[in-house]
Amino acid sequence: MVVVLIIGIVTAGVVLSINFAGKDTALETESKRLLTLMQYARDQAELQTRNYGIAFSQHGYEFVVYDVREGVWRPVLEDDALRERTLPGGLGFKLVVDAREIVLAESLNVPSNPPPSGSGSPSHSRPVPLSAAQSSSDSNSDSDSDSDSDSDSAATAFAPQVMIFASGDLSSFRITIERVGTGRSITLDENQDGDIIEKPLVEGGS
């Protein structure tokens, strides 16, 4: 009975948060959280001169960083603020990158690569592009076995959909968090000055 009562209260709270004064508290909270985290990750990318990125699924996201020593993208294990996050029930993502809508997977598939051994602090050398890292790996692997080559290819194949470069620039994107089935949504975008902005809540689709 207690469990049923708790579920009833939570459900009522969600309904009220959506309908009261035309607000959707959960949607607005998650939009502001993502905006804040993107701005934070951008600052960290510039401070550390490292390439960051965001990997999205239909209902979650995780920030990743390009590990120069290992030549792979990996979760930001040293900063809990940039950990994997899941949207509350009923919310989902739509993502457009370089004017193309991206088909998002049901769940995240971020490789769980360990941090480089003996690296207590982030590297301050400028990360090389993923393609350059792959080329360098290929040119220095003449004596490697086929299995090693396959492993290297798998490690460097992953890349986040949205890039946050060490220069502070971002890949062209439009991220929409929507209340599934209602047409209610909030979109994060870049303005002409390169700032990440939160557009007003849209009711019933755009």
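The values are calculated or read from the model by the stated rules, or taken from the named source; none is laboratory data. Fair warning: this is a prediction, and the values are worked out from it, not measured in the lab. Note that each Cβ is placed from the backbone with ideal geometry, even for glycine, and that neighbours are counted across all protein chains shown.
Annotations
- Against the test of being surrounded by 12 or more Cβ atoms within 10 Å (Cβ to Cβ), in a helix (DSSP H, G or I), out of contact with any Leu (no Cβ under 6 Å at 6 or more places or on another chain) and modelled with pLDDT under 90, the options Gly13, Gly8 yield a single qualifying residue, Gly13.
- Test for Gln58: is it within 18 Å of Gly194 (Cα to Cα) and either part of a helix (DSSP H, G or I) or among the polar types (S, T, N, Q) (or both): no
- Scanning segment 44-59 for residues that are in contact with a Gly (Cβ under 6 Å, 6 or more places away or on another chain), polar (S, T, N, Q) and within 11 Å of Gly168 (Cβ to Cβ) gives no hits.
- Selection of segment 161-206 for residues being in a loop (DSSP other than H, G, I, E, B) and charged (D, E, K, R) yields Asp169, Asp193, Asp195, Lys199, Glu203.
- A single member of Leu34, Leu27 is crowded, with 17+ Cβ neighbours inside 10 Å and more than 11 Å from the chain's Cα centre (by Cα), and it is Leu27.
- Selection from segment 181-204 of residues that are loosely packed, with under 14 Cβ neighbours inside 10 Å and of a type in the set (A, V, I, L, M): Ile197
- Residue within segment 137-145 that is at pLDDT 50 or above, part of a loop (DSSP other than H, G, I, E, B), among the polar types (S, T, N, Q) and surrounded by fewer than 18 Cβ atoms within 10 Å (Cβ to Cβ) present: no
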